[in-house]
Amino acid sequence: MGQITLENVTKSFGETQVIPPLDLDIQDGEFTVFVGPSGCGKSTLLRLIAGLEDITSGTIRIDGTDATDIPPAKRGLAMVFQSYALYPHMSVRKNIAFPMRMAGIDAAEQERRIEQAAAALNLTDYLDRRPGQLSGGQRQRVAIGRAIVREPAAFLFDEPLSNLDAALRVGMRLEISELHKRLATTMIYVTHDQVEAMTMADKIVVLRAGHIEQVGSPLELYRNPRNTFVAGFIGSPKMNLIEGEEAARNDAHTLGIRPEHIDVSATEGAWHGKVGVAEHLGSDTFFHVHETGLAETITVRAPGEVNFRHGDTIYMTPRSEQLHRFGADGLRIG
Amino acid sequence: MATKASRSAARVMMAPAVVLLLGWMLVPLIMTLWFSFRTYLPLRGGDQGWTGFDNYVRFVTSSSFWPAISTTLVLLIGVLAITIICGVLLAILLDQPMWGQGAVRILVIAPFFVMPTVSALVWKNMFMDPTNGLLAHLWRFFGADSVSWLSDVPMLSLIMIVSWQWLPFATLILLTAIQSLDGEQMEAAEMDGASVLSRFFYIALPHLSRAITIVILIQTIFLLAIFAEIFVTTGGAFGTRTLSYLIFQRVLESQNIGLGSAGGVYAIILANIVAIFLMRIVGKNLD
């Protein structure tokens with residue numbers, strides 16, 4: 001079981017309040033991702049749940065019991081740190097065994113769980129090595145192994161992939177998602193990378209300056225961003241946000257349209273502009289269009305290989321049903 | 001960096017330092033070796049020629065040799081134990097954030113700046129004096145008889161004085177080591193259910209092991225040669241005669257340079273054995 005509830009939780013460091021009163025419900029077995037720009041309080045929030053920081057006021061409940069004053073080790077949560085935080089003087093086996101040794105689990109059971117975790121994480125051949133002799137991805141797996149053997153109520157991940165290179169990151173992302181499906185344990189995952197959030201989460205919590213901007217499934221957030229911040233943060237490339245005349249014509253303060261929801265043409269369309277940089281990915285082509293009279297740059301995504309040269313005039317037509325309208329307060333209209 | 005020209009330039013520039021250091025080391029070493037094979041009594045006939053290994057045999061078979069060795073080891077182990085145990089604890093204490101941290105750290109390091117002779121005299125006259133010393137006043141305040149430290153518990157007194165001098169050094173090295181301990185490791189251990197003591201023994205202490213080895217190595221080399229503290233406090237009496245003090249007595253008090261030089265060679269051998277032994281341990285820790 002791993003249901004976590006935050007009620008009116010706040011956190012202040014001295015005079016500065018980093019987490020204003022905040023409520024959040026995380027269901028058992030859910031993969032929840034905290035996402036937001038750096039300094040938005042997502043790591044602090046995770047550390048509050050872990051118990052590594054004391055909350056200033058409010059209540060944290062884990063499976064219904066008040067865990068606010070329970071020390072981190074007794075909360076039944078396991079954490080995977082950004083730096084992996086492996087113990088460098090212990091072998092992989094001893095690293096994984098450490099939490100069980102601290103809990104006084106008998107040796108045979110320890111051995112059984114180590115073998116099981118090592119098999120699940122492809123670490124069997126490395127059990128007698130030191131962390132210093134492993135690659136980044138292997139260290140990451142050892143850190144996860146150390147978390148798994150505790151059989152926790154929930155896993156907490158603090159930007160676990162940010163120290164890995166791009167290719168490994170994609171691989172580990174899949175492994176962690178696979179692990180979640182297999183264990184069906186609650187996981188809370190902190191990242192600043194919206195791609196990780198979109199691909200892994202059952203539920204995304206978008207944070208800005210300690211505030212929850214929106215909570216929802218990845219597609220909910222993609223389809224119905226509650227405000228311009230979420231609209232700009234979720235989705236890659238970013239949603240185009242257009243203000244001024246064109247927005248006013250659509251009864252909005254800000255008009256949002258995703259790059260993939262604009263059709264391009266060389267001859268006719270609702271908007272036109274000059275092609276700036278074109279990014280050819282093979283499967284898609286991204287154009288950065290200038291001099292549109294709408295916004296400084298409009299990003300457009302065209303499927304496949306479309307040939308426009310730098311400086312060419314390009315015509316763009318937004319799909320009207322995919323337009324997002326936001327009011328002057330930044331909130332979504334309709 | 002490694003062109004032919006830069007390498008030869010480097011050699012030329014390093015040469016004076018190397019020559020100076022070699023001369024500095026080799027001349028006294030060779031002179032010591034030379035004298036150790038001669039009968040050389042400055043006040044009783046001067047240099048009287050070769051004696052072979054007589055000096056070496058006499059030095060070892062003298063009744064004061066083994067007591068001197070054991071005194072040296074007792075002093076060494078006592079000081080090492082105190083400085084490392086207290087050094088680790090002090091380093092952890094000083095690592096905690098507190099008001100006036102900078103000032104406190106300088107105060108802790110201060111004893112290291114005091115010359116050995118001065119600190120030994122301060123201890124002898126201000127703290128350990130049986131009638132006027134601070135410790136005597138303290139003992140009397142609690143109604144106890146004052147202790148004449150340097151004659152009743154001479155080794156303990158000596159160990160206290162030397163430890164006081166070397167504690168700052170150990171603390172300093174261990175403090176820098178403890179500051180490099182990854183905070184996330186400690187938090188991970190906390191989440192893993194390790195108590196404060198377990199975190200100390202399983203995480204902090206292994207992390208410090210290399211720094212501790214280095215402290216042992218450096219202190220051992222200096223502690224084997226402790227002299228001033230003994231000279232100004234007990235003058236080698238009450239069983240405080242270490243190997244280096246015995247050599248001093250042979251040379252200056254008995255005016256037997258040959259015998260003293262032979263002792264010096266033994267001291268060199270002893271220091272080297274310890275150094276090789278410790279280098280091995282350090283090497284193992286450096287994996």
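Each value in this text was obtained by applying a stated rule to the coordinates, not by laboratory testing. Predicted model, so just to flag it, every value in this text is computed and none were measured. As a convention, Cβ positions derive from the backbone with ideal geometry for all residues, glycine included, and neighbour counts pool all protein chains shown.
Structure notes:
- Loop GluC sites (Glu not before Pro), segment A:1-94 (other Cβ atoms within 10 Å of the site Cβ: 15 or fewer; DSSP): A:E15
- Summarising the label geometry, the points placed 7 Å from Cα in the beta-carbon direction at A:T56 and A:R129 lie 4.5 nm from one another.
- Taking B:L181, B:L243 and counting other C-beta atoms within 10 Å, the order from fewest to most: B:L181, B:L243
- Kyte-Doolittle at least 1.6, axis length at least 30 Å by Cα - qualifying DSSP helices, chain B: B:65-95
- The GluC sites (Glu not before Pro) of segment A:277-312 that meet both conditions, a loop assignment by DSSP and at most 12 other Cβ atoms within 10 Å of the site Cβ, are A:E296, A:E305.
- Averaged over the residues of peptide A:97-105, the number of Cβ atoms from other protein chains lying within 10 Å of each residue's Cβ is 4.
- Sorted by Cβ density within 10 Å, fewest first, the residues B:M128, A:M172, B:M155: B:M155, A:M172, B:M128
- Counting neighbouring beta carbons within 10 Å and listing from fewest to most, the residues A:I19, B:I212 come out as B:I212, A:I19.
- Shielding score for A:76-82, defined as the mean number of other chain Cβ atoms within 10 Å: 3
- Counting every pair of alpha carbons in the protein assembly as shown, the share spaced more than 44 Å apart comes to 49 percent.
- Calculated FRET value between A:E7 and A:R325, using beta carbons and R₀ = 30 Å, to 0.05: 0.35
- Each Lys and Arg adds +1 at its Cβ and each Asp and Glu adds -1 at its Cβ; summed about the Cα centre, chain A shows a dipole of about 960 debye.
- Cα gyration tensor shape of segment A:9-73, rounded if a/c is under 1.5, else prolate or oblate by comparing a/b with b/c: oblate
- Lys, Arg +1 and Asp, Glu -1 on Cβ, resulting dipole of the protein assembly as shown about Cα centre, debye, nearest 20: 2740 debye
- Acute angle (nearest 10 degrees) that the helix A:166-183 long axis makes with the longest principal axis of chain A, alpha-carbon atoms: 60 degrees
- Charge context of A:L46, other residues only, Cβ under 13 angstrom, K/R +1, D/E -1: -1
- Sites A:R249 and A:N307 - FRET efficiency at Förster radius 41 Å, r taken between beta-carbons, to 0.05: 0.85
- Cα gyration tensor shape for chain B, rounded if a/c is under 1.5, else prolate or oblate: oblate
- Between 0 and 90°, nearest 10: helix A:136-148 axis offset from chain A longest Cα axis: 60 degrees
- With Cα atoms, 0 to 90° folded angle of helix A:107-120 axis to chain A main axis: 20 degrees
- Ranking A:F31, A:H280, A:A154 by Cα position along the charge dipole of chain A, where only Lys, Arg, Asp and Glu carry charges on their C-beta atoms, puts A:A154 farthest toward the positive end.
- Between B:S6 and B:T117, the simple label model (points 7 Å from Cα in the Cβ direction) yields a spacing of 4.7 nm.
- Low-density loop positions, chymotrypsin sites (Phe, Trp or Tyr not before Pro), segment B:174-258 - DSSP coil, at most 15 other Cβ in 10 Å: B:F227
- Relative contact order of segment A:237-326, defined on C-alpha pairs under 8 angstrom at six or more residues apart (%): 37 percent
- Over the residues of the protein assembly as shown, the helix contribution to mean residue ellipticity at 222 nm works out to -14500 deg cm²/dmol, using -39500 (n - 2.57) for each DSSP H run of at least 4.
- Chain A: relative contact order as a whole-number percent, Cα under 8 Å and 6+ apart: 17 percent
- Chain B: relative contact order as a whole-number percent, Cα under 8 Å and 6+ apart: 28 percent
- Fluctuation leader among A:K42, A:K11, A:K181 - chain A, Gaussian network, Cα springs under 10 angstrom: A:K181
- Rounded Å value of the spacing that divides the Cα centres of segment A:285-331 and segment A:222-249: 12 Å
- Length added when fully stretched, B:L73-B:T61, from 0.36 nm per residue minus Cα-Cα: 2.4 nm
- Chain A: most fluctuating residue of A:H89, A:H261, A:H288 per GNM, C-alpha cutoff 10 Å: A:H89
- Oblate is the label for segment B:42-191. Its Cα gyration tensor axes, ordered a ≥ b ≥ c, give a/c of at least 1.5 and b/c at or above a/b.
- For residues of B:190-203, the mean tally of beta carbons on other chains within 10 Å: 6
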